[in-house]
Each structure stands twice: as C-alpha cells, then as structure tokens.
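**Student:** First the structure, then my questions, so here it is.
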Amino acid sequence: MGNKKFKPSTLLAIFRRKGGEGAMTKIISDDNKSDFLHQVSFLREGEQPLVCFKQDELNWLLITSDRIIEMGQGVSLFIPYSELVEVRIALHEEFKDSVMSKTDFTRLLLKDNSGRNYVIESEKGEPYKGIYQMLHFIA
C-alpha cells in the first residue's frame with residue numbers, strides 16, 4: 001500500500017471546486033489558525049491542517065495533509081490516508097434519521113484497510129460535498 005502523500009494544494013483545490021466553506025467549516029490559513037488552536041494541537045510534526053468542521057471544542061472534524069481526525073462526544077478517531085480504502089455516503093445512517101434529501105446529508109462512511117467502518121460527520125451542503133470529494137480522491 002505504501003504511504004499515501006497528497007499535496008495540500010491539490011486537496012484544497014478539490015474541496016473548493018467540488019464544495020466549499022460553510023458556517024462551521026473553514027479552510028485553515030495563517031489568518032484564522034488562532035480559531036483552531038485546540039484542533040491544531042493534535043497535529044504531528046510536518047502535518048498541515050487543511051479543513052476543519054467545528055461545531056464546538058468537543059465535536060469537530062479536521063482534515064490534514066496526512067489523515068482524518070475527528071472528535072465527537074469525547075471519542076477521538078484518527079485515520080491515516082495510507083489506511084483509507086473506501087469513502088461513501090452513509091445512506092443507512094441518513095435514512096435511519098429520516099434524512100432523504102442529499103442536500104441535507106452530513107455523514108460519510110469510511111472503510112480502512114482492515115475492513116473497519118467509521119462514520120464521520122460534516123456540515124451539510126457545500127462543505128459536505130467538498131469533504132466527500134476530497135476524501136474520495138484520497139481513497
């Protein structure tokens with residue numbers, strides 16, 4: 001499998017072209033990095049923060065140059081891109097909560113190379129589309 005390396009500029013270009021920022025989803029830059037100090041504290045050396053969906057300090061999703069980091073209800077999830085093999089819309093979870101319109105979807109189903117599935121959440125609309133396309137490209 002090897003180590004999947006992607007240029008941050010390529011990933012951000014996909015995010016911008018296929019979706020975009022929202023009320024709670026921002027591309028992290030030097031100008032707004034201070035809004036994401038808690039999230040950025042999880043980065044490893046050489047890792048760059050790209051996009052963050054932040055509901056509050058306990059519930060957020062950070063897409064970096066190397067991996068996906070999610071914090072929700074005190075549970076953390078770290079998925080390196082080298083282990084990500086599939087990304088799809090979490091239809092079962094959306095329908096279970098009676099979400100029928102794809103413009104209202106917020107969840108993605110990720111599968112790693114050991115066959116485990118994870119459901120991550122993002123902001124509906126443009127941010128969701130951008131994150132989905134970015135992760136789909138990575139997988």
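The values are calculated or read from the model by the stated rules, or taken from the named source; none is laboratory data. Bear in mind the structure is a predicted one, so any value in this text is a computation, not a measurement. SASA here: full protein model, heavy atoms, side chains in, ligands and nucleic acids out. Shrake-Rupley method; radii C 1.70, N 1.55, O 1.52, S 1.80 Å.
**Student:** When DSSP beta bridges are limited to those with both residues in the chain, what percentage is antiparallel, rounded to the nearest 5?
**Tutor:** The antiparallel fraction comes to roughly 100 percent.
**Student:** Moving on. Connecting C-alpha atoms closer than 10 Å in a GNM of the chain, tell me which of A90, A23, A13 has the biggest fluctuation.
**Tutor:** Comparing A90, A23, A13 in the GNM, the peak value goes to A23.
**Student:** Provide the per-residue ³J(HN,Hα) series for the stretch 97-114, in order, calculated from phi with Karplus coefficients 6.51, -1.76, 1.60 and θ = phi - 60°, each as a whole number of Hz, with x at glycine and proline positions.
**Tutor:** 9, 6, 8, 10, 8, 5, 6, 9, 5, 10, 10, 10, 9, 10, 10, 9, 5, 9
**Student:** Next up: Quick one: among G22, G46, G72, which has the greatest mean-square fluctuation in a GNM of the chain with alpha-carbon springs under 10 angstrom?
**Tutor:** In this elastic network of the chain, the residue with the biggest mean-square fluctuation among G22, G46, G72 is G46.
**Student:** If you rank S41, S65, S76 by how much accessible surface each has, with a 1.4 Å probe, what is the order from largest down?
**Tutor:** Descending order: S41, S76, S65.
**Student:** For every helix of n ≥ 4 consecutive DSSP H residues, a contribution of -39,500 (n - 2.57) applies; sum these over the chain, divide by its total residues, and give [θ] at 222 nm rounded to the nearest 500 deg cm²/dmol.
**Tutor:** Rounded to the nearest 500, the figure is -6500 deg cm²/dmol.
**Student:** For M100, M24, M71, M134, what's the largest-to-smallest order of accessible area, 1.4 Å probe?
**Tutor:** Result of the area sort, largest leading: M100, M24, M71, M134.
**Student:** If the elastic network links every pair of Cα atoms under 10 Å, which of Y118, Y81, Y128 fluctuates the most in the Gaussian network model of the chain?
**Tutor:** Of Y118, Y81, Y128, the Gaussian network model singles out Y118 as fluctuating most.
**Student:** Further question: Please calculate the 1.4 Å probe accessible area of T103, with all protein chains present, and give it to the nearest 10 Å².
**Tutor:** Here the residue's solvent-accessible area equals roughly 90 Å².
**Student:** Moving to a separate point now. Using the Karplus equation 6.51 cos²θ - 1.76 cosθ + 1.60 (θ = phi - 60°), what ³J(HN,Hα) coupling, rounded to whole Hz, does each residue of the stretch 10-17 give in order, writing x for Gly and Pro?
**Tutor:** Values, residue by residue: 5, 4, 5, 5, 5, 4, 5, 6 Hz.
**Student:** Given a 1.4 Å probe, how much area per residue of the chain is accessible, in Å²?
**Tutor:** Result: 54 Å² per residue.
**Student:** Can you sort R16, R88 by 1.4 Å-probe accessible area, starting with the largest?
**Tutor:** Of R16, R88, the descending order of accessible area is R16, R88.
**Student:** Which entries in the list K5/K102; K18/K124; K102/K129; K5/K124; K33/K111; K4/K111 go over 19 Å, if you measure between the two C-alpha atoms of each?
**Tutor:** Violating the 19 Å Cα-Cα cut-off are K5/K102; K5/K124; K33/K111.
**Student:** Can you give the direction-averaged projected area of the convex hull of the alpha-carbon atoms in the stretch 1-108, in nm²?
**Tutor:** 7.8 nm²
**Student:** Could you give me the ³J(HN,Hα) list for the stretch 66-79, computed from phi with Karplus coefficients 6.51, -1.76, 1.60 and θ = phi - 60°, whole Hz, x at Gly and Pro?
**Tutor:** 10, 6, 10, 10, 10, 10, x, 6, x, 9, 10, 9, 10, 10
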